[in-house]
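Data block below; observations after.
The values are calculated or read from the model by the stated rules, or taken from the named source; none is laboratory data. Just so you know, these numbers come straight off a predicted model, no measurement behind them. Methodologically, a virtual Cβ is constructed for each residue, glycine included, from the backbone with ideal geometry; neighbour enumeration extends over all protein chains shown. In case anyone asks, the SASA skips ligands and DNA or RNA and just uses the protein heavy atoms, side chains included. Shrake-Rupley method; radii C 1.70, N 1.55, O 1.52, S 1.80 Å.
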Amino acid sequence: MNWYPIFLREILLFGRRLLRLGYVISALLMPLLYLMAFGLGLGNRVAIDGSSYLDYLLPGLIAMSSMINSYTWIANGLTMGRLYFHTFQIYIQAPVSPAAIVWGQVMSGIVRGLFSSLILLGLGFILGSGLELNLIFVIALLVNCLLFSAFGVVVGMKSRSHEDTAIFTNFFIMPMAFFCGTFFPIEQMPWILGLIIHALPLTHTNRLLRTPTLTLETMGSLAVLGAFSILCLGLGVIFIRRYSE
Amino acid sequence: MFQPNYGPEPETAMIVTQELSKYYKHLVALEGLTLKVQPGEIFGLLGPNGAGKTTTIKILTTLARPSRGWARIQGYDVVRQPLEVKRLIGVCPQEVNLDKEMTAYENLSIYGKLYRVPDLKPRIREMLALGELSARARDLVKDFSGGMQRRLLILRALMSRPRLLFLDEPTVGLDPQVRRQLWDLIGQLRAEGITIMLTTHYIEEAEILCDRVGILSRGRLIALDTPQALTAQIGGYVLESLNNGRRQYLLVKDKEEAYLQARGQEAGVIIRQTNLEDVFIQLTGERLQAGD
């Protein structure tokens with residue numbers, strides 16, 4: 001599967017944009033603002049489950065930021081490349097399989113998601129977070145990036161305009177960012193809303209990042225994330241295979 | 001009824017299409033295109049905007065699925081065997097879809113990797129030299145002129161050593177001098193024996209470059225032959241005159257007849273050899289281009 005050139009192209013473009021300071025700041029502005037405002041403002045005054053609010057908030061922000069960065073770049077890049085710059089057509093006309101196109105895109109989305117997560121982790125530690133990293137944490141973070149990159153492929157292939165991508169973002173990504181346990185425990189939500197929230201993948205990423213141990217509950221969360229990932233990867237391959245202008 | 005001239009019967013045609021059609025809801029983009037292109041031939045699709053030229057290229061390069069009919073590239077079906085087709089072709093699209101935030105070298109390198117070009121670095125150097133872009137290899141494409149970007153687009157399509165090259169409006173929007181540079185480049189490719197299908201709405205381009213030309217109008221192939229045969233069919237010369245502000249054309253057999261006809265005209269007339277635009281006007285009653 002010749003996915004590497006697709007990954008390489010995306011990473012080269014990512015690197016070029018990283019050189020622009022404004023791009024990095026704008027990409028990380030929202031989670032950084034939350035970290036500074038809530039983490040510093042409430043960090044020492046509010047405690048959840050016996051820990052400081054900063055320790056509670058940091059994994060949530062990492063989940064949110066990795067989701068947004070993985071998803072946004074892929075969804076916007078594919079939409080713009082397909083409809084406006086026509087760079088996506090190079091992939092379709094090249095002798096590479098739909099699976100290679102999806103995997104190359106997803107791998108580059110994972111790198112972007114991890115990049116933003118590392119910056120937040122570094123900042124969190126500077127601010128005094130006592131967050132402990134382990135293998136489950138890393139796996140959960142990787143799967144989260146994979147899932148939302150693959151979701152980005154699905155949205156990028158189905159959007160008929162740049163506005164369509166924004167609609168997907170507003171209806172799927174933003175509600176997850178706010179309701180899936182990023183800023184507060186979901187146990188406090190009304191039960192009907194709680195049911196919906198439990199069906200959303202970011203809830204399970206938050207659970208795994210906050211309790212990175214192997215329990216029945218966290219294994220269930222990993223399975224949910226895995227199932228969503230396979231679904232999105234499969235849909236991405238199908239949409240690219242059926243692509244026709 | 002119009003009968004296309006397929007040219008000499010080949011052992012193996014490079015492109016064969018049969019009743020190829022593409023519909024978008026109520027729009028007929030292409031209707032019943034049947035043609036053959038021989039190996040080593042430069043085949044031009046000529047027609048105004050919306051005639052179906054780009055749609056044809058999109059189907060042949062696996063970017064669009066036909067609504068009806070079929071197409072084969074060296075025997076491979078474009079719908080059922082897309083990977084085999086893609087290994088044979090190079091595509092230079094109408095839009096400059098280079099990565100402008102990357103250098104010329106990087107653009108060629110990524111493309112070469114997609115096609116698994118074995119001798120990647122020497123091939124990139126060879127292509128840059130062919131397009132006289134070696135000195136600008138490490139410059140970002142966004143800093144290139146329009147003509148340089150077009151050249152790079154063609155070089156990129158050549159990276160994989162395609163047996164069949166598609167050039168969709170390769171010189172659109174370029175000034176005459178740059179256009180001629182690109183014609184020279186296409187001429188070099190002809191010498192290497194690469195089969196080329198190009199679309200254009202420039203008469204001169206089709207006449208200079210193409211061995212045979214298919215004229216498309218509103219999605220239908222209305223003529224197919226060599227440029228010389230097509231123009232000969234309508235007469236060798238044309239008298240252009242203005243009558244009440246409207247341009248009129250009179251097709252005549254030869255120069256003598258043209259002079260005879262011109263004597264009877266009150267206003268000034270232009271006598272010139274017929275070209276493919278005259279063929280198009282004769283067939284459709286419309287002009288091919290607005291005066292490029």
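Here are the numbers for this structure:
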| quantity | calculated |
| --- | --- |
| Selection within region A:54-78 - hydroxyl-bearing (S, T, Y) and crowded, with 24+ Cβ neighbours inside 10 Å | A:Y56, A:S65, A:S66, A:S70, A:Y71 |
| Filter pass, B:T34 being among the hydroxyl-bearing types (S, T, Y) and under 16 Å from B:L164 (Cα atoms) | no |
| Restricting region A:127-152 to residues that are open to solvent by 60 Å² or more (accessible area, probe 1.4 Å) and part of a helix (DSSP H, G or I), the residue that is modelled with the lowest pLDDT | A:L135 |
| Answer residue from region B:88-131, given it is assigned to a loop (DSSP other than H, G, I, E, B) and of a type in the set (K, R) and is least open to solvent (accessible area, probe 1.4 Å) among those | B:K100 |
| Residues of region B:14-51 classified as in contact with a strand residue (DSSP E or B) (Cβ under 9 Å, 6 or more places away or on another chain) and under 18 Å from B:P170 (Cβ atoms), total | 11 |
| Qualifying positions in region B:159-176 - of a type outside the set (D, E), at pLDDT 90 or above and in contact with a Cys (Cβ under 9 Å, 6 or more places away or on another chain) | B:L165, B:F166, B:L167 |
| Of all residues making up region B:136-156, the number that are of a type in the set (S, T, N, Q) and open to solvent by less than 10 Å² (accessible area, probe 1.4 Å) | 0 |
| Subset tally (residues that are touching a residue at least 24 places away in the same chain (Cβ under 8 Å), assigned to a helix (DSSP H, G or I) and either away from chain B (no Cβ under 14 Å) or buried (at least 20 other Cβ atoms within 10 Å of the Cβ) (or both)) for region A:90-105 | 8 |
| Single residue of A:G109, A:G124, A:G81, A:G113 found to be in a helix (DSSP H, G or I), at the interface with chain B (Cβ under 10 Å from one of its Cβ atoms) and open to solvent by less than 30 Å² (accessible area, probe 1.4 Å) | A:G81 |
| Residue within region B:132-140 that is of a type outside the set (D, E) and within 13 Å of another protein chain (Cβ to nearest Cβ) present | yes |
| Region A:1-40, subset within 11 Å of chain B (Cβ to nearest Cβ) and in a loop (DSSP other than H, G, I, E, B), residue farthest from A:S66 (Cα to Cα) | A:N2 |
| Matching residues, region B:48-87, being in a strand (DSSP E or B) and away from every other protein chain (no Cβ under 13 Å) | B:R68, B:G69, B:W70, B:A71, B:R72, B:D77 |
